[in-house]
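First the structure, in the form of structure tokens, and then the observations on it.
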Amino acid sequence: MINFDDLIKYENENTSLDFKAIQYEKGQYEELIKDIMSMANADVENDRYIIIGVKHKPSGDREIFYIKEGDFIDSAIYQQIIRENIEPEIKLDYSPYKYKGKLLGIFKISGCSDKPYTMKKDFGKLKKGDPFIRKGTHVSRMIRRDLDVIIEKKIKKDKFDGKIQLSFSKYGSSQEIELTVSSDKKLPSQRAAEKIKGIIKEKQLTKIKTQNADFTKISSIFELQKRLIENPFRVANPLSPIPYEQRTLEELQKNLKEVDQTYQDDDCYEFFELNSHKINISILNEGDKYIEDVSIQLQIKKIEGLLIPEKIYKEPTSNLAKIMAGPSYESMNYPKVDSTGTSIVIYQKIGDIKHRLPIDAFKVPIRIVFLDQLAGKVIEIKCILFGKNLIEPLTETLKIKIISPIKNQ
């Protein structure tokens, strides 16, 4: 609470305090505009005051005048003059104050957080765009340095200065975790290749026995009839898969040759979806305001045995089912994965981050596979958080120690 008696009695004029002997009459509005603007642009954080009815002398002495009750000017008149001539808007109040039985007036200029304040239009000798500033007891036109100081402080004030914590999601607030290498079970293509080889071997033995019995032609006819009976939709419905057991040796040999290509989607789905670790980064804004327009970038050094897919692999289905299903939520929201010469780079745009509420950086977790040769190694993930109101990007390094899975005794 300001003690105006003490201000009037003891304080000298300064950057945020001025004394005037008389009120601003109609012919003095130009001076009023200039004084209020210069106060508003002053390099101080607190409220500014102009006390009317006090003449401050160079010696420090002061002479107290008084305002007649009927002559006190309504605050609304001054507010209108300032509102019409200065931009942006200044919060101004003019109120009566009794000091030792005499009526004074006090201008309060507050909330001056939108500097610089300038002339909105021409008024007398004041021209549109003119800026004035108060320094100590002196009022002058603003120079480049004054504007630089205002802009620098404005940028700094708008910037986020709180603490941000990055960690692995679902691992508490840990920045270092342990994950196992991927299991070494066979992929669908490998299982299919083994099955085809076994059937080929059986059929080759059967063919030899048939040839020795000299029933090749009869057996072929019988075999064809048998296949049609066992799979009557083979011809009628060519889209239906034919079991390997019912295919010819020529078909099987071709299937074996193309097995990797045939089962590519199955392999990728099992390898990158069923057999991967799903990793997300938790962001906790511990400040008192939002972090605006946030995005995150992860940089991981390329190393043999570290695999991160560029997309989500869905469970293989028929082409018709794929068309009917359309793209999944996971496919549309998976982070952007790219690579440079030495690093894998993962990027995601997040938006605003509220304070005190942890969120996941990625809508869909990153899929990561660690092969056997990485056991015992530590993978470093460099996380860079960008934000519109961050003074500079936040950089944090998270670590994953790769271990071998515990085998059952």
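The values are calculated or read from the model by the stated rules, or taken from the named source; none is laboratory data. Everything numeric here is computed off the predicted structure, so don't read it as measured data. Ideal geometry is used to build each Cβ from the backbone, glycine not excepted, and the neighbour counts take in all protein chains shown.
Descriptive notes on the structure:
Yes/no matrix, rows are residues, columns are (1) among the hydrophobic types (A, V, I, L, M, F, W, C); (2) at pLDDT 95 or above:
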| residue | (1), (2) |
| --- | --- |
| I2 | yes, no |
| I82 | yes, yes |
| D93 | no, yes |
| I106 | yes, yes |
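- Taking the stretch 141-182 as the range and being at pLDDT below 90, surrounded by 11 or more Cβ atoms within 10 Å (Cβ to Cβ) and in a helix (DSSP H, G or I) as the test, the residues that pass are I151, K153, K154, I155, D158.
- Of the residues making up the stretch 282-335, those that are at pLDDT below 95, surrounded by 12 or more Cβ atoms within 10 Å (Cβ to Cβ) and either of a type in the set (G, A, S) or not assigned by TED's automatic domain parsing to the domain that holds G376 (or both) number 4.
- Residue ID - farthest from the chain's Cα centre (by Cα), chosen from residues in the stretch 266-281 that are buried (at least 19 other Cβ atoms within 10 Å of the Cβ) and part of a strand (DSSP E or B): I279
- Taken over the stretch 122-137, the criterion of being more than 30 Å from E11 (Cα to Cα), of a type outside the set (D, E) and in a loop (DSSP other than H, G, I, E, B) is satisfied by G124, K125, K127, K128, G129.
- Residue within the stretch 31-42 that is touching a strand residue (DSSP E or B) at 6+ places or on another chain (Cβ under 8 Å) and surrounded by fewer than 18 Cβ atoms within 10 Å (Cβ to Cβ) present: no
- Of the candidates E13, E45, the single residue that is exposed (fewer than 12 other Cβ atoms within 10 Å of the Cβ) and within 54 Å of the chain's Cα centre (by Cα) is E45.
- Residue identified as out of contact with any Ser or Thr (no Cβ under 6 Å at 6 or more places or on another chain) and over 30 Å from I155 (Cβ atoms) among V294, V364, V369: V364
- Among the residues of the stretch 63-79, the ones that are outside any loop (DSSP other than H, G, I, E, B) and surrounded by 14 or more Cβ atoms within 10 Å (Cβ to Cβ) come to 4 in all.
- Test result for Y97, outside any helix (DSSP H, G or I), modelled with pLDDT of 95 or more, aromatic (F, W, Y) and under 22 Å from A21 (Cβ atoms): yes
- Annotation for the stretch 58-78: at least one member residue is at positive phi, in contact (Cβ under 8 Å) with a residue 40 or more places away in the chain and not aliphatic (A, V, I, L, M).
- Subset of the stretch 10-32 (residues that are in contact (Cβ under 8 Å) with a residue 24 or more places away in the chain, farther than 20 Å from D74 by Cβ and of a type in the set (D, E, K, R)): E13, D18
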